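The next block holds one structure in the form of structure tokens; read it before the comments.
What follows draws every value from the coordinates through simple rules; no lab data is involved. Since this is a predicted model, take the numbers as computed values, not measurements. Every residue, glycine as well, gets a Cβ built from its backbone with ideal geometry; the counts of neighbours run over all protein chains shown.
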Amino acid sequence: MPMTLADLAPRLELTLLRADATRADVEKLCADACTHKLHGVVVSSSRVPLAAHLLEETDLKVCAAIGFPLGTADADAKRYEAEAAIDHGAQEIEVVLNHGWLKDGEAKAVLRELRDVVEAADERPVKVLIETSLLAPEFVVAGAQIAAEAEARFITLSGVFGTREISPDTIAKVKQAAGASLGLKLFTHVTTLDAAQGLLDLGVQRLGVSALPPNRAAGAGL
């Protein structure tokens, strides 16, 4: 049977990380996530208290984006941001990898920072976001291996800031490098349910989206 939005919903994290996002935008985000029974929402750490309040009577998860978008903040600052987000109700953490450190060969520093965030999360799921357009494939794989060693729960491959698509080959290499212990999430533009199905078929467990794809069952003509 063709996939519907209801089929996809448990895999979706509706994401709002715009710098100019208002309270009304967060309210709409949470309302849409509730309406479609998604996995949850991803918001900036300053919007966690509002999202947690709006979703407190639901099973939806509030995920805080830490170090977004650059990932270059001091490691102690990223840990503190994660701790503050959890204190305000975040149930999941998504931390941006320090891409510059990785390219410098500072694997130990990257590992130490991610372990600090995982420790701060106190058994809550931590996703490590890697912007694939900024790194050669070998660095993406290295980042995934470090995230696995840090005992993160997910790798998030992001393809929204660059012009290079996340290729099936990159997905396969990351899955092989990370092993069975890590889930794989894509933060990308998904405009159709067919596209979403194609990504799930490649072994992606979660999709982070800023807008929901049209529902085939609702007569979108897909």
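Does residue 106 count as in contact (Cβ under 8 Å) with a residue 24 or more places away in the chain, more than 22 Å from residue 206 (Cβ to Cβ), out of contact with any strand residue (DSSP E or B) (no Cβ under 8 Å at 6 or more places or on another chain) and surrounded by 14 or more Cβ atoms within 10 Å (Cβ to Cβ)?
no
Taking region 39-64 as the region of interest, how many residues are free of Cβ contacts under 8 Å to residues at least 60 places away in the same chain, crowded, with 23+ Cβ neighbours inside 10 Å and among the hydrophobic types (A, V, I, L, M, F, W, C)?
Residues that pass the stated criteria total 6.
Here's the yes/no breakdown for (1) under 16 Å from the mean Cα position of the chain (by Cα); (2) touching a residue at least 12 places away in the same chain (Cβ under 8 Å):
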{"residue": "73", "(1), (2)": "no, no"}
{"residue": "91", "(1), (2)": "yes, yes"}
{"residue": "98", "(1), (2)": "yes, yes"}
{"residue": "102", "(1), (2)": "no, yes"}
{"residue": "121", "(1), (2)": "yes, yes"}
{"residue": "146", "(1), (2)": "no, yes"}
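Per-residue answers, yes or no, for (1) under 28 Å from residue 25 (Cα atoms); (2) out of contact with any Asp or Glu (no Cβ under 9 Å at 6 or more places or on another chain); (3) basic (Lys, Arg):
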position: 131; (1), (2), (3): yes, yes, no
position: 139; (1), (2), (3): no, yes, no
position: 144; (1), (2), (3): no, yes, no
position: 157; (1), (2), (3): yes, no, no
position: 164; (1), (2), (3): no, yes, yes
position: 168; (1), (2), (3): no, yes, no
position: 198; (1), (2), (3): no, yes, no
position: 205; (1), (2), (3): yes, yes, no
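Quick one: count up the residues across region 118-134 that are surrounded by fewer than 24 Cβ atoms within 10 Å (Cβ to Cβ), in contact with a Lys or Arg (Cβ under 7 Å, 6 or more places away or on another chain) and among the aliphatic types (A, V, I, L, M).
Residues flagged as surrounded by fewer than 24 Cβ atoms within 10 Å (Cβ to Cβ), in contact with a Lys or Arg (Cβ under 7 Å, 6 or more places away or on another chain) and among the aliphatic types (A, V, I, L, M) within region 118-134 amount to 1.
Restricting to region 33-67, give me the number of residues that are under 23 Å from residue 188 (Cβ atoms) and assigned to a loop (DSSP other than H, G, I, E, B).
Final tally of qualifying residues: 5.
Going through 33, 9, 19, 24 one at a time, which residue ends up being without any contact (Cβ under 8 Å) to a residue 60 or more places away in the chain and touching a Gly at 6+ places or on another chain (Cβ under 8 Å)?
None of the others qualify; the one that does is 33.
Would you mind stating whether residue 160 is part of a loop (DSSP other than H, G, I, E, B) and in contact with a Leu (Cβ under 7 Å, 6 or more places away or on another chain)?
Answer is no for this residue.
Restricting to region 84-103, give me the number of residues that are charged (D, E, K, R), closer than 21 Å to residue 153 by Cα and surrounded by fewer than 20 Cβ atoms within 10 Å (Cβ to Cβ).
Number of matching residues: 1.
In region 167-198, what residues are closer than 18 Å to residue 6 by Cα, in contact (Cβ under 8 Å) with a residue 24 or more places away in the chain and assigned to a helix (DSSP H, G or I)?
Within region 167-198, 193, 194, 196, 197 qualify.
Does residue 77 qualify as being more than 19 Å from residue 44 (Cα to Cα) and either polar (S, T, N, Q) or surrounded by fewer than 17 Cβ atoms within 10 Å (Cβ to Cβ) (or both)?
no
For region 175-193, indicate whether the set of residues that are among the aromatic types (Phe, Trp, Tyr) and in contact with an Asp or Glu (Cβ under 8 Å, 6 or more places away or on another chain) is non-empty.
No: region 175-193 contains no residue that is among the aromatic types (Phe, Trp, Tyr) and in contact with an Asp or Glu (Cβ under 8 Å, 6 or more places away or on another chain).
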